[in-house]
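What follows is one structure encoded as structure tokens, with my remarks underneath.
The values are calculated or read from the model by the stated rules, or taken from the named source; none is laboratory data. Note that the structure is a prediction, hence the values are computed from the model and not measured. All Cβ positions, even for glycine, are placed from backbone atoms using ideal geometry, and neighbour counts span all protein chains on display.
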Amino acid sequence: MKKSWKWLSVMMVAALFILAGCGSNGNNAGSGNSGSGSESSGGGIAAIKERGKLLVGVKYDTKLFGLKDPSSGQVEGFDIDISKAIAKHILGDENAIELKEVTSKTRIPMLNNGEIDMVVATMTITEERKKEVDFSDVYFQAGQSLLVKKGSPITGLESLTKDSKVLGSKGSTSVKNIKEKVPGITVLEFDNYQDAFNALKAGKGDALTTDDAILYGMAAQDAGYEVVGKPFTDEPYGIAVQKGNSEVVKAINDTLAELKSNGEYDKIYEKWIGKAPAQ
Ligand code: GLU
């Protein structure tokens with residue numbers, strides 16, 4: 001009896017150790033891809049330099065972060081300015097960049113297919129995602145919230161029940177989180193945030209849920225909608241690269257540190273997030 005208790009506790013400690021080890025860093029240990037052989041398509045710095053441009057996956061439908069202006073064809077936002085700074089750091093030219101549209105659902109597959117070098121697209125760093133990709137340091141801190149039509153009886157997370165219907169984007173943390181916070185709630189999932197917002201406007205749900213910063217961008221597009229309640233999760237954004245691509249992670253982190261120390265980060269923040277309605 002004694003022996004089996006001891007054995008059990010050894011097993012539990014080992015299990016905790018493995019969980020902690022895989023979860024927190026996702027480097028070498030455990031369930032990640034082997035790392036070897038995966039450096040081809042994502043490319044290290046040399047491959048990017050040889051190509052002469054950086055391929056970056058960004059959102060095209062997310063005001064403030066990555067929004068394509070249909071008339072000019074230009075894509076603009078916080079994530080775009082950060083991407084340009086990385087291109088400048090690696091290639092010496094902020095315009096040596098090709099943006100490709102990703103959605104919350106397509107960004108990891110597109111990265112791991114080698115279609116893009118990195119994802120700069122409102123992407124939260126999570127333990128689950130660290131099993132599939134590597135992340136830079138945090139470059140933006142958001143929190144999940146709710147967008148409703150002005151005058152809605154929903155005033156925050158507490159107003160939602162299992163009979164509520166909320167709208168979200170496939171592949172986002174927001175969908176997963178809301179199902180955990182409000183068990184039994186109905187979530188309608190769309191391919192992107194524009195479709196989800198259109199569905200909210202068409203009265204297909206009680207609220208749209210995702211990061212507050214994204215919702216402020218939507219509220220800025222239509223004064224009939226507002227963000228309600230306090231943020232109820234932490235969504236630290238990171239830039240994702242293929243697993244094992246530590247050279248590119250370093251280049252990104254060096255860029256972020258530079259932007260913070262020379263004041264550029266604050267300017268970019270002010271330019272985009274400073275524009276958001278009062279928070
Ligand atoms: N930051 C959240 C996520 O990474 C929500 C925003 C998004 O869908 O990109 O899933």
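Before moving on, here are some points about what is shown:
- Count of segment 198-253 residues, restricted to those that are without any contact (Cβ under 8 Å) to a residue 60 or more places away in the chain and in contact with a Leu (Cβ under 8 Å, 6 or more places away or on another chain), is 5.
- Screening segment 45-63 for residues that are farther than 11 Å from K100 by Cβ and among the β-branched types (V, I, T) and picking the one that is farthest from the ligand (Cβ to nearest atom) gives I45.
- Look at segment 171-188: where a residue is within 22 Å of E132 (Cα to Cα) and within 11 Å of the ligand (Cβ to nearest atom) and a partner is aromatic (F, W, Y) and modelled with pLDDT of 95 or more, sitting 6+ places away or on another chain with Cβ atoms under 8 Å, you get N177/F232.
- Looking only at segment 194-219, and only at residues there that are under 13 Å from K150 (Cα atoms) and over 19 Å from the mean Cα position of the chain (by Cα), the one that is farthest from the ligand (Cβ to nearest atom): G203
- Residue check, G168 within 13 Å of the ligand (Cβ to nearest atom), among the small types (G, A, S) and outside any helix (DSSP H, G or I): yes
- Answer from Y225, Y269 - the residue that is more than 13 Å from the ligand (Cβ to nearest atom), surrounded by fewer than 22 Cβ atoms within 10 Å (Cβ to Cβ) and more than 18 Å from the chain's Cα centre (by Cα): Y225
- Boolean, D234 is among the charged types (D, E, K, R), within 16 Å of the ligand (Cβ to nearest atom) and in contact with a Gly (Cβ under 7 Å, 6 or more places away or on another chain): yes
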